[in-house]
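As structure tokens, the structure follows; a few thoughts come after it.
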Amino acid sequence: MQLIEDLQWRYATKRYINKPISEEEVSVILEIIRLTATSLGLQPFEIYDIRSTEVRAKLRDAAYNQPQLTEASHVFVFAVWTEVTEEMVDSYLNFIATTREKDVSTLAGFRKSIMGFVSSKNTEEIIKWSSNQAYIALGKAMVAAAQMRIDSTPMEGFNRDVVDDILDLRSKNLHASVILTVGYRDAENDPLATVQKVRKPIHQIHRII
Ligand SMILES: Cc1cc2nc3c(=O)[nH]c(=O)nc-3n(C[C@H](O)[C@H](O)[C@H](O)COP(=O)(O)O)c2cc1C
């Protein structure tokens, strides 16, 4: 099956060559992230597309000097919500009402459920919840990249608080959650480009009850 072949082909790339992916491919990856399913449909994250060489160098420092941050074609930082205010919920509900040409009052029950859910959570729990949504999008973007034969690296090996400072996320009530780098593997200099994939056999992780 083609999809399985794509996933066998991909690996967490450590070294990239200096070759950009096209803007059209960037748009596809972003569209996949935009179309991801999220809890309550709230899409509680933003994507920071880091093109500045200077900022990338700072991110590399914050990520234990991992070369992907400066070598990859594109670096996407998933910045997740740290809070969900009543205004944010109302803005979302108005957006639904406008998009579906409904009166917002028809969403009163939904509003109550959302407010009940978010108001029961502290900041740490909101960050955990919003990060969960970002990771679903991250996974989809990695699959899509592999289908386009674009290499990628999911990265959480970085200091989130330092990245918050670098990108000034705290002032926007955002928090750095996970990073996705994409580009083309440097097969000559990346020792992981040629090693066998290591995965448990399915019987060790699949339980039928
Ligand atoms: C959430 C997450 C965070 C990761 N963080 C890093 C990272 O910071 N740097 C890195 O080189 N690889 C990172 N990886 C890659 C994993 O080490 C890699 O996916 C795993 O060893 C399996 O190898 P494969 O993806 O090449 O098949 C991360 C993977 C995931 C899913």
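Within the range 108-120, identify whether any single residue is within 16 Å of the ligand (Cβ to nearest atom) and of a type in the set (Lys, Arg), and answer yes or no. No, because not a single residue in the range 108-120 is within 16 Å of the ligand (Cβ to nearest atom) and of a type in the set (Lys, Arg). For the range 149-176, filtering for residues that are part of a loop (DSSP other than H, G, I, E, B), more than 15 Å from the ligand (Cβ to nearest atom) and either of a type in the set (Val, Ile, Thr) or buried (at least 16 other Cβ atoms within 10 Å of the Cβ) (or both) leaves 3.
Close contacts from the range 53-74, counting a first residue that is under 27 Å from Val28 (Cβ atoms) and in a helix (DSSP H, G or I) and a second that is within 12 Å of the ligand (Cβ to nearest atom) and basic (Lys, Arg), with Cβ to Cβ under 7 Å and a gap of 6+ residues or different chains, come to Gln68/Lys14; Leu69/Arg60; Thr70/Arg60; Glu71/Arg15.
Out of all the residues in the range 8-60, which are of a type in the set (Lys, Arg) and in contact with a helix residue (DSSP H, G or I) (Cβ under 9 Å, 6 or more places away or on another chain)? First the steps, then the outcome.
In the first step, residues of the range 8-60 are kept if they are of a type in the set (Lys, Arg); the result is 10, 14-15, 19, 34, 51, 56, 58, 60.
If the condition is that a residue be of a type in the set (Lys, Arg) and in contact with a helix residue (DSSP H, G or I) (Cβ under 9 Å, 6 or more places away or on another chain), then Arg10, Lys14, Arg15, Arg34, Arg56, Lys58, Arg60 are the ones that fit.
Contact map, the range 193-209: first residue assigned to a helix (DSSP H, G or I), second residue within 16 Å of the ligand (Cβ to nearest atom) and open to solvent by less than 100 Å² (accessible area, probe 1.4 Å), Cβ cut-off under 6 Å, separation 6 or more or different chains; pairs are Ala193/Arg185; Ala193/Ala187.
Listed here are the residues, each with its yes/no results for (1) open to solvent by 40 Å² or more (accessible area, probe 1.4 Å); (2) farther than 23 Å from Ile47 by Cα; (3) not basic (Lys, Arg).
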| site | (1), (2), (3) |
| --- | --- |
| Thr106 | yes, yes, yes |
| Thr123 | yes, no, yes |
| Ala134 | no, no, yes |
| Lys140 | yes, no, no |
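The values are calculated or read from the model by the stated rules, or taken from the named source; none is laboratory data. It should be emphasised that the depicted structure is a prediction, and the values quoted were computed from it without experimental measurement. For neighbour counting, all protein chains shown are included, and Cβ atoms are generated from backbone atoms with ideal geometry for every residue, glycine included. What goes into the accessible areas is simple: the full protein's heavy atoms, side chains included, and nothing from ligands, DNA or RNA. Shrake-Rupley method; radii C 1.70, N 1.55, O 1.52, S 1.80 Å.
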